[in-house]
Amino acid sequence: MAAKNQIDGLNFEQRHGKERVRVGRVWRHGKDGRHFFVEWNVGITLLSDCIPAYVSADNSDIVATDTMKNTVYVKAKECSEKVSVEEFAILLAKHFTSFYPQVTSAIIKIVEKPWERISIDGQPHDHGFKLGSERHTTEVFVKKNGALGVTSGVEGLALLKTTKSGFVGFIRDQNTILPETRERMLATEVSASWRYHFDSLSSISMKPLCFTETYLDVKKVLVNTFFGPPKEGVYSPSVQATLYHMAKAVLGRFPVISSIQLKMPNIHFLPVNLSSKDNPVIVKFEDDVYLPTDEPHGSIEASLGRIHSKM
């Protein structure tokens with residue numbers, strides 16, 4: 001989306017912003033002296049009435065991108081209490097649309113680096129963190145009139161199960177060599193994004209840090225649905241079927257979420273059979289030795305939403 005105007009009989013769309021603004025924030029006043037830390041990579045996009053900057057070299061309505069960068073640090077400093085990545089994105093978007101008369105909308109995208117508190121001898125460390133894997137993401141859209149869109153997500157959620165997966169009954173033609181199987185490994189790296197039903201700033205009813213709690217709970221539902229119960233697991237007839245069940249489980253568990261999109265590449269582990277002219281069986285595959293490969297890989301994605309929801 002961009003600000004759209006007609007200039008000299010032509011359609012003209014423009015936006016500007018600042019990307020890859022990195023900020024770290026420590027809150028040092030937790031219970032019993034416990035510290036909290038986040039690291040965010042912030043992207044800012046403003047839709048504003050600054051056409052003269054393009055057509056007549058008049059920069060009087062331009063919000064400098066360096067100012068946008070500095071605003072990230074100012075607002076981080078002003079957050080005296082711990083906030084979620086979604087709350088910080090909303091705070092930034094509200095600032096840009098309310099402080100600058102010419103800014104009609106703001107889009108804030110943030111990726112949170114996965115720093116996790118470490119434990120020493122089973123006890124959570126007060127100020128020690130290690131880098132994890134999957135990343136918490138958000139995209140917030142705010143208009144000057146208070147209209148709002150909030151999307152959260154997870155990237156890099158790597159999942160693998162060594163059994164309870166198969167793939168049969170697919171189309172076979174002259175180019176098909178893939179054998180059918182009811183026993184294979186299933187591995188993927190999930191990227192998920194879900195949209196909340198809020199449509200205005202005044203409609204947000206969640207308590208502080210509830211976005212973070214929902215993120216953790218959604219991730220738990222995705223993981224649990226992928227694997228099934230600890231002992232017996234759950235059979236996956238295809239990545240497509242598993243993806244659908246994961247998406248449906250999220251919508252069934254969280255009324256506050258109106259739609260979800262999942263991307264799940266099928267990361268292959270190929271059976272290893274080795275032979276030579278002199279030795280026909282160097283390694284015989286018995287569901288034990290695999291060649292891990294990430295390219296080429298299958299690409300599966302889908303969206304699921306409630307009726308009348310925005311996808």
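Filtering the range 131-178 to residues that are farther than 20 Å from Glu213 by Cα, in a strand (DSSP E or B) and among the basic types (Lys, Arg) leaves Lys143, Lys161. The residues on offer are Glu189, Glu183, and the sole one that is in a strand (DSSP E or B), within 30 Å of Val289 (Cα to Cα) and charged (D, E, K, R) is Glu189. The residues of the range 211-236 that are crowded, with 16+ Cβ neighbours inside 10 Å, farther than 30 Å from Gly166 by Cβ and of a type in the set (A, V, I, L, M, F, W, C) amount to a single one, Phe211. Restricting attention to the range 192-203, the residues that are of a type outside the set (Gly, Ala, Ser), open to solvent by 50 Å² or more (accessible area, probe 1.4 Å) and either part of a loop (DSSP other than H, G, I, E, B) or over 24 Å from Leu157 (Cβ atoms) (or both) total 3. Filtering the range 1-20 to residues that are exposed (fewer than 12 other Cβ atoms within 10 Å of the Cβ) and either more than 18 Å from Gly43 (Cβ to Cβ) or modelled with pLDDT of 95 or more (or both) leaves Lys4, Gln6, Ile7, Asp8, Gly9, Leu10, Asn11, Glu13, Arg20. Among the candidates Leu178, Leu148, the residue that is over 24 Å from Val234 (Cβ atoms) and either without any contact (Cβ under 8 Å) to a residue 24 or more places away in the chain or open to solvent by less than 40 Å² (accessible area, probe 1.4 Å) (or both) is uniquely Leu148. Just one of the listed residues (Gly156, Gly166) is in contact with a Ser or Thr (Cβ under 9 Å, 6 or more places away or on another chain), open to solvent by less than 60 Å² (accessible area, probe 1.4 Å) and on the phi > 0 side of the Ramachandran plot, and it is Gly156.
Only one entry of Val72, Val83, Val23 meets the criterion of being open to solvent by less than 80 Å² (accessible area, probe 1.4 Å) and assigned to a loop (DSSP other than H, G, I, E, B), and that entry is Val83. Restricted to the range 36-58, and to residues there that are within 25 Å of Gly128 (Cβ to Cβ) and open to solvent by 40 Å² or more (accessible area, probe 1.4 Å), the residue that is nearest to the chain's Cα centre (by Cα) is Asn41. Considering the conditions (1) of a type in the set (A, V, I, L, M); (2) at negative phi; (3) open to solvent by 60 Å² or more (accessible area, probe 1.4 Å), Leu92 is excluded by exactly one of them, (3). Applying the condition of being part of a strand (DSSP E or B) and small (Gly, Ala, Ser) to the range 26-53 and asking which residue is farthest from Val140 (Cα to Cα) yields Ser48. Total residues in the range 225-260 satisfying the condition of being more than 28 Å from Phe211 (Cβ to Cβ) and aliphatic (A, V, I, L, M): the figure is 3. Residues that are under 18 Å from Leu157 (Cα atoms), open to solvent by 50 Å² or more (accessible area, probe 1.4 Å) and of a type outside the set (A, V, I, L, M) within the range 118-132 comprise just one, Lys130.
Contact map, the range 239-252: first residue more than 17 Å from Asp217 (Cα to Cα), second residue assigned to a helix (DSSP H, G or I) and open to solvent by less than 10 Å² (accessible area, probe 1.4 Å), Cβ cut-off under 9 Å, separation 6 or more or different chains; pairs are Thr242/Phe226.
Among the residues of the range 276-301, those that are under 14 Å from Asn266 (Cα atoms) and open to solvent by less than 100 Å² (accessible area, probe 1.4 Å) comprise Pro292, Thr293, Asp294, His297, Gly298, Ser299, Ile300.
The values are calculated or read from the model by the stated rules, or taken from the named source; none is laboratory data. Since this is a predicted model, take the numbers as computed values, not measurements. Backbone-built Cβ (ideal geometry, glycine too); neighbour counts: all protein chains shown. When the accessible area is computed, the model is the full protein with side chains, heavy atoms only, and any ligands, DNA or RNA have been set aside. Shrake-Rupley method; radii C 1.70, N 1.55, O 1.52, S 1.80 Å.
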